[in-house]
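Nothing in this text is a laboratory measurement; each read-out follows from the coordinates by a stated rule. Predicted, not measured: the structure shown is a model, and the values here were computed from it. With ideal geometry, Cβ positions are generated from the backbone for all residues, glycine too; neighbour counts draw on all protein chains shown.
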Amino acid sequence: MFVREMTRNECTELLSESHLARLACARDGQPYIVPIYIGFAGDYLYSFSMPGRKIDWMRGNPRVCVEIDKHGDHRGWRCVIVSGAYEELSEVPKCAEERERAWALLSRHANWWEPGALSPEPSPLAYESRHLFYRIRIDTMTGRQAVGEALENPIEPQSAGPWRTVGHWFRRVAIHTA
C-alpha cells in the first residue's frame, strides 16, 4: 500500500460526493470533534445545528478543521482535511440566500438534519432554541489517498474451525463461543 497526495480536483470531487464529515473546534486549548452532515459549493462547506457546545465554541474561536474520508474496499481510502473559519448564517435578510443554498445542498441527503437536531438527552433549551445554518469558509484543503495492491498469497485458513473470511482475503479472527 502506498499513500499519495490528491489533486485539488480530486479533493473537491470527494467533498462533492460526501455528506458525512467530522468537525474539529477548540476552546481554551481543549479540542472537540463531532460528526456533521455537510453540503459543498464553491469555497464553502455548509451545515446545520441546534445551539449547543460546538456552536458556542465556534462563536468563541471560529478557526475549525473538517475531515472527510471515504473508505473503499479493504485496499484503500481517501481523506480530505479542510481548515477554515466558521461563519454563522443568521436570520437577517442579507444571509437569506446563503441559508437557502445551505438548505438546498443539505436536503439532497436523507436525514441530513439528524446530527444537528438531536442531542443525547432532552434539554429545555432544545425546545426554546431555533436551529441555525452555518458555513465553513475553506482556507486550505489537502487530500491523501491510500492505494493498495492485491495480495499475491492470501492467508489460507488451516481448518474450517473458528476463523472468519473477509471478502476474498482471509483474516484470522478468533470467534469466542460459550
Sort T7, T12 so the one with the fewest other Cβ atoms within 10 Å of its own Cβ comes first. T7, T12
In vacuo Debye scattering of segment 47-113, one point per C-alpha: log10 I(q)/I(0) at q = 0.14, 0.22, 0.29 Å⁻¹? -0.60, -1.16, -1.24
